[in-house]
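What follows is a short report on a single structure.
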Amino acid sequence: MDRRAFLQGAVALGLLGPAGARAGRSRGSGPGGLSVEALPELAGDLTVYLGRGEGGLYQDVMEAIRKRSPKLDLQVRRGPSTSLANTIVAEARAGVRRADLFWSIDSSSIGLVAERGLTRAMPAGISSQLKSEFRYQDWAPISGRVRTVAYNPERVREGELPDDIMAFADSDFAIGWAPAYGAFQSFVTAMRLLEGKQRTRDWLRGVKARATSYAGELGVVMAAARGEVDLGFANHYYTLRLKQGMPDASVAIAFTSNDAGSLVNASGAALLSPGETPADFVRYLLSREVQGYLAREAFEIPLVPGVAMPEGLPPLDEIDPPDLDLTRLAEIRPTLELMRDTGVL
Amino acid sequence: MLERATRLIISLLFAAALAIGPVQAHAHGEAGEHVKRFEEHIGDYEQDVDHLISQLGAIVKGYAPGQDVSEEVKALLHEWEEVRYHAAVETVATPLYAPIWQAISGFKDAVREGAPEPTVRRRQQALEAALWQGLGALKLAASQRAAGGERQGKQPAAGQAEAETGPEATLEAIIDDLDRAVAAYQDGNLEKARTLISETYLHRFEGLEGRLIEKDPELVVGLEEAFNARLPQLMEQGAPVAEVREQVAAMQSELEEAESLLLETQGDKGQVF
């Protein structure tokens, strides 16, 4: 994507103002995707392992589906996605299957389950609802989040920002990052897979020399807004949230091009048992109502064509993410070793 | 020595349980009332473990390589799924739950493959150890809850059974975690205190802050700084407990303010359908 064009677009879209953001909320329920009205009624028993996160909004979706489906006996087990993935694997090893569906907040946890052959093929009719770059055989991405560079425009001129993530290691910017944060580790994993171990090691060392660590990525974005750092690496929604509450906050977002810095990661659902109900449940998650709700309330990127993006983001096809199988982000161990070797963790 | 090592393992795994946080409902249905007040049911869980170990012992006693004990193993598996101890470990000591399944799987594989008796006995011991570790974690959690004072009586600690169904419950849990971090610091366990602060931020506060920052970003900015810098730094510098407690009290006051704000936003949330 042309980053500078995006920056102009972001301003036009209301990233800098609450009125625009509010208008965006009504735009979220666009005409894309299938309506739940067109979907079969859910019935029978269904056990979902649900990754925690997103301030309980996924749980709200579950409750709404439960309320809408009186014939469905829905059991939900919540926990951190990685912990649930490990439990699914352990249960399977013992010859037990308790979950029919796994809705994880990150694709790497889905990968942990899929690489052990525990997922069932996603029906083509479901995958085909997704944008073409998000079609997988073993799982269905539900909603996305994109990596961004959150920068302080009072400290950094727009034109100074490289659109190559690797170039930040050789820059003089004061950088904020959150190495202990899962999304950051997925980003480094993507870099390792795309650029190789040595280049990633060099990048970590280079950035570490001028980096300040924060416990979470909202902290990174806030640090950029306060001017503690020039810029930071964070998922997109932190900046959008901050601008929603503090329209004058001095922070904007930029994207790199076709590298880990613009990775689009996704929450996702995997089918663990056969039958129509689990598959139909995924259809509900991909309905325009649920996709629109996650875009409006959680600022997540809808992955079904035609559903409006969260206010402040350009259309997904204007972002230039790298071509990467998201389930490979489960290969976290070598990443952690690399981060420890370089003293980042 | 072995006992000390086992206790250490239990402590480490339980620390991980505290870090990971609770689950709320169960694949096999809602956890029973006993899980909500698990500290009053330790004796029941102990009986369950004794029963499972006795059942396991009976299988091993009658085992000879090549003998089909699949029905007995199936019965053991069924028993494990049904006992109250299962739901308690699954909910209160989550990281110890998967290792029990793994140990069951190891034992099951050994007898199915007709492994020699010493191998089967080793797998038996591994499963027994996993079951005892789960019980140890439950006991530790129960003692922590009992020692936790008034606030902990009101709200179970992270990793323990709780009905964390809304922002107010999550904020109460964060407030509770901070109390426990101070207690750990007072006991000289800096690492545990830091872990509690970091994990409650990442796994609990982080899930709430999005909506909160829209309501009062300055409040979130202050809390972020407190979680990420002020409180851990005070601890790392070896500040007096009273000073640490004062910092935590300030954070808890802000969290209570956050609770009020989040309750106000409940009505702002859109409908899914």
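Every read-out reported here was derived from the displayed coordinates using simple, explicitly stated rules and does not represent laboratory data. Small disclaimer: the values here were computed from a predicted structure and weren't measured. Cβ coordinates were reconstructed from backbone atoms using ideal geometry, including for glycine residues, and neighbour counts include every protein chain displayed.
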* Using a/c under 1.5 as the rounded threshold, could you call chain A rounded, prolate or oblate? The axes a ≥ b ≥ c are square roots of the C-alpha gyration tensor eigenvalues, and prolate needs a/b larger than b/c, oblate otherwise. => oblate
* Structure fact -> So, over other residues within a Cβ distance under 11 Å of A:Leu316, counting Lys, Arg +1 and Asp, Glu -1, the net charge is -3
* Structure fact -> Here D for the range B:201-273, in µm²/s, from Stokes-Einstein with a Kirkwood Rh over Cα pairs at 10 °C and 1.306 mPa s, works out to 118
* Structure fact -> Per-residue ellipticity at 222 nm attributable to helices in chain A (runs of n ≥ 4 DSSP H, -39500 (n - 2.57) apiece, nearest 500 deg cm²/dmol) works out to -11500 deg cm²/dmol
* **Prolate/oblate/rounded call for the range A:118-206, Cα gyration tensor, a/c under 1.5 rounded** => prolate
* Computed label-point distance, nm, for sites B:Leu190 and B:Glu218 using a 7 Å Cα→Cβ extension -> 3.5
* Structure fact -> Cβ density ranking, 10 Å radius, fewest first, applied to A:Ser132, B:Ser253 yields A:Ser132, B:Ser253
* **From phi via Karplus (6.51, -1.76, 1.60), per-residue ³J(HN,Hα) for the range A:136-153 in Hz, x at Gly/Pro** => 10, 6, 9, 7, 10, x, 9, 8, x, 9, 10, 6, 9, 9, 8, 10, 9, x
* Residue-span extension gain [B:Ala239 to B:Ala169] - 0.36 nm each, minus C-alpha spacing -> 22.2 nm
* Which lysines, on any chain, are close to B:Lys192 with Cα under 29 Å apart, when same-chain ones fewer than 8 places away are left out? -> A:Lys208, B:Lys36, B:Lys139, B:Lys154
* Which residues' amide hydrogens lie under 5 Å from the amide hydrogen of B:Gly114, considering only partners 5 or more residues apart or on another chain, with H built in the peptide plane? -> B:Gly66
* Structure fact -> From the Cα centre of the range B:48-96 to that of the range A:161-216, the distance in Å is 47
* Please work out the FRET efficiency for the pair A:Arg66 and A:Lys131, using the Cβ-Cβ distance as r and a Förster radius of 25 Å; give the result to the nearest 0.05. => 0.35
* Asked: Hey, got the Cα dimensions of the range A:237-345 along the principal axes, in Å, largest first?
  -> 48, 40, 24
* **Theoretical FRET efficiency, 1/(1+(r/R0)^6), r = Cβ-Cβ of A:Asp172 and B:Glu46, R0 45 Å, to 0.05** => 0.10
* Structure fact -> Sorted by chain and then number, the residues having a modelled amide H within less than 5 Å of the amide H of A:Gln75, at least 5 places away or on another chain, are A:Leu46, A:Thr47, A:Val48
* Asked: Residue by residue, what Karplus-based ³J(HN,Hα) values in Hz, rounded to whole numbers, does the range B:254-270 have, using 6.51, -1.76 and 1.60 with θ = phi - 60° and x for Gly and Pro?
  -> 5, 5, 5, 5, 4, 4, 4, 5, 5, 5, 5, 7, 3, x, 6, 5, x
* **Amide H contacts of A:Ile301 (H built 1.01 Å from N, under 5 Å, at least 5 apart or other chain)** => A:Gly144, A:Arg145
* With axes computed from alpha carbons, what is the tilt in degrees of helix A:217-226 against the longest principal axis of chain A, rounded to the nearest 10 within 0 to 90? -> 30
* Virtual spin-label span in nm between A:Leu345 and B:Leu261, 7 Å along Cα→Cβ -> 3.2
* Run the dipole for the protein assembly as shown about the Cα centre, Lys and Arg Cβ at +1, Asp and Glu Cβ at -1, nothing else charged, and hand back the magnitude in debye, nearest 20. => 940
* If each of A:Asp164 and B:Lys269 carries a label point 7 Å out from its Cα toward its Cβ, how far apart are those two points in nm? -> 4.6
* Structure fact -> For A:Lys243, counting only aspartates and glutamates whose alpha-carbon sits under 14 Å away and dropping same-chain residues fewer than eight positions off, the answer is A:Glu311, B:Glu209, B:Glu214, B:Asp216, B:Glu218
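Using a Förster radius of 25 Å, what is the FRET efficiency between A:Arg210 and A:Glu318 based on their Cβ-Cβ separation? Nearest 0.05, please.
Values: r = 30 Å, r/R0 = 1.20.
E between A:Arg210 and A:Glu318, to the nearest 0.05, is 0.25.
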* With axes computed from alpha carbons, what is the tilt in degrees of helix A:197-208 against the longest principal axis of chain A, rounded to the nearest 10 within 0 to 90? -> 60
* Find me the longest stretch of chain A that has none of the exposed GluC sites (Glu not before Pro), where exposed means in a DSSP loop (not H, G, I, E or B) with at most 14 other Cβ atoms within 10 Å. => A:155-345
* Karplus couplings for the range B:33-38 from phi (6.51 cos²θ - 1.76 cosθ + 1.60, θ = phi - 60°), rounded to Hz, Gly and Pro as x? -> 4, 4, 5, 5, 10, 4
